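Novice: To start, I am sharing the structure in question, which I have written as structure tokens.
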Amino acid sequence: MVCRVKSKAEKKYLKRLIWAMSVYVVVVLLAALLVRHGYVTGWMLYVVAVVPCIPVLRLIHVLALYVQEETDEFQRLLVVRSILCGGAAMLVVAAFSDFLRSYTKIGELPPFTMFLVFWFVFGLAQGVQGMMNRAVGDE
Amino acid sequence: MNNRLRVLRAEKGWSQADLADRLEVSRQSVNAIETGKYDPSLPLAFKIARLFAKRIEEIFEDSA
């Protein structure tokens, strides 16, 4: 297996991504716990629903920072393509679910599906592009 | 766009990794440029030209 040397921007990106993902998971679990045990009711539910959106914004910010800081333009292109793939997949799934719901009253997706779809397809696109552009052997 | 990067690199006896280090890009990027999968931006094309002491059009050739 050929291991690619990570750029300075990529190392920073991975560190930031792990932090942001961890914060997101903790916030989501904490919010779910508070709601489930009835500590939060009424208008406070809106606040609890908004709070996990902050780490989500941070995740997008982390991606934006990487695109801004990466000096290797080809690597930058690969990440931008992956973001587009993730965004496209998320929109397609959302549109399909919305149309299905409006026509048949079924098709409601479980919570957090969109989040998972985006990151799964983003990761998949990164992997596929990595394979397609693999530099095999040092010529 | 066609290019002579692989030939020029071979003349210098550099590996893709050597060239990538000199250009401050990844080896994957050098490979993508050499195989024609990716056309570099103007700043990177100038950097490549400076490194090989050639004009851009001596390295890159418009295939249109």
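Novice: Restricting to the stretch A:39-65, and then to whatever is over 14 Å from the mean Cα position of the chain (by Cα) and not aliphatic (A, V, I, L, M), can you tell me which residue is modelled with the lowest pLDDT?
Specialist: Top of the filtered list is A:41.
Novice: Quick one: how many residues across the stretch B:1-38 are within 11 Å of chain A (Cβ to nearest Cβ) and under 22 Å from residue A:131 (Cα atoms)?
Specialist: 22
Novice: Right, something else. Being away from chain B (no Cβ under 14 Å) and surrounded by 11 or more Cβ atoms within 10 Å (Cβ to Cβ) narrows it down to one residue among A:24, A:39, A:46; which is it?
Specialist: A:24
Novice: For residue B:41, indicate whether it is without any contact (Cβ under 8 Å) to a residue 12 or more places away in the chain, within 12 Å of another protein chain (Cβ to nearest Cβ), crowded, with 16+ Cβ neighbours inside 10 Å and of a type in the set (Ser, Thr, Tyr).
Specialist: Here the answer is no, as residue B:41 does not meet what is asked.
The values are calculated or read from the model by the stated rules, or taken from the named source; none is laboratory data. All figures in this text were calculated on a predicted structure; none of them were measured in a lab. Reconstructed Cβ throughout: ideal geometry from the backbone, glycine too, with neighbour counts over all protein chains shown.
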